[in-house]
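Peer 1: Here it is, the structure in full.
Read-outs throughout are calculated quantities, based only on the coordinates presented, and are distinct from any laboratory measurement. All figures in this text were calculated on a predicted structure; none of them were measured in a lab. Positions of Cβ are backbone-derived with ideal geometry, glycine not excepted, and every protein chain shown enters the neighbour counts.
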Amino acid sequence: MIRKPLRARGITAHILEPEDQKGHRLRRGSAGGRLPNVDPDAYRGRNVVERRYSRIKQWRARDPL
């Protein structure tokens, strides 16, 4: 899992929990751990950056050298 190393370094993860993993965690009860704390505003900013990288990569792929 990537959240544990991020927390150890003091970095806040802005990664939503996948829908299929929510059920697994809830089924385990208290052994499943806490819900990941995600700041919606920070996640929105992360999404913008990821989409921009995607557009850059697509443009580069179409660039005939």
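Peer 1: Normalised by the residues of the stretch 3-62, what does the relative contact order come to in percent, with Cα pairs under 8 Å and at least six apart?
Peer 2: Answer for the stretch 3-62 is 28 percent.
Peer 1: Continuing with this model, one more query. Ranking Leu26, Leu6 by Cβ neighbours within 10 Å, fewest first, what do you get?
Peer 2: Ranked by crowding around the Cβ, least crowded first: Leu26, Leu6.
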